[in-house]
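Working notes, structure below.
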Amino acid sequence: MTLQTITLGGGCFWCTEAVFDRVRGVIDVESGYANGREPNPTYEDVCTGTTGHAEVVRLTFDPAVIALRDLLEIFFATHDPTTLNRQGNDVGTQYRSGIYTETPEHQSEAEAMVRQMSQDKLFGAPIVTEVVPLKGYWPAEDYHQDYFLNHPGQGYCAYVVGPKVEKFRKTFTRFLKPD
């Protein structure tokens, strides 16, 4: 089995992680920080908005089970790629939409998909998702990992994360991991 990785920023990493934890073919989802200026940032550092990092999830997936294009389709359907530096009430550069690649093939595929969706005017507004090589990834603190799984009743999880997970379940049934 040859696994691949892709790193995605779709706003708060709790939301993005909760969705991709449920995707068939995704072996691991790790919340973290990427493409900023400071080495080894903390959550508190990133929240200041001064480090340049995005909240991201790093996906390890089996391309024999799920294609990168399918992962990107889920990504674009479960966050708003047209709002610069924000997702809902989460505002700041750390909440930007981004695809952070580790291979030229992933870079080309992601750029082509964004180009096509932009030409098709799929979202009714310009797509602001950045597609750039991954730089300086750093895992988030342990308490951020599997946050929704561990805190489903917490306010943000119940009112923001939960509905995103339900949208994924209804829209992408074919990609759900078996229970």
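The values are calculated or read from the model by the stated rules, or taken from the named source; none is laboratory data. None of the values given here were measured: they were computed from a predicted structure. Cβ: placed from backbone, ideal geometry, glycine included. Neighbour counts: every protein chain shown. Surface accessibility is based on the protein's heavy atoms, side chains included, excluding ligands, DNA and RNA. Shrake-Rupley method; radii C 1.70, N 1.55, O 1.52, S 1.80 Å.
Once the Cα-Cα distance is subtracted from the 0.36 nm per residue extended length, the THR82 to GLU105 segment shows a gain of 5.9 nm. Cross-link reach is defined here as a Cα-Cα straight distance under 29 Å, omitting same-chain residues fewer than 8 places apart; for LYS177 the lysines meeting it are LYS164, LYS167. Label positions at THR50 and THR173, each projected 7 Å from the Cα along the C-beta direction, are separated by 5.1 nm.
Per residue, the accessible area of the stretch 1-113 comes to 38 Å² when a 1.4 Å probe rolls over the protein heavy atoms. Legend: calculated FRET efficiency, ASP142 to ALA64, from the Cβ-Cβ distance at R0 = 41 Å, rounded to 0.05, equals 0.85. Between ASN150 and LEU122, the FRET efficiency estimated from the beta carbon spacing at R0 = 30 angstrom works out to 0.30. Its residue count N fixes a reference of 2.2 N^0.38 Å for the stretch 1-136, and the Cα radius of gyration divided by that reference is 0.99.
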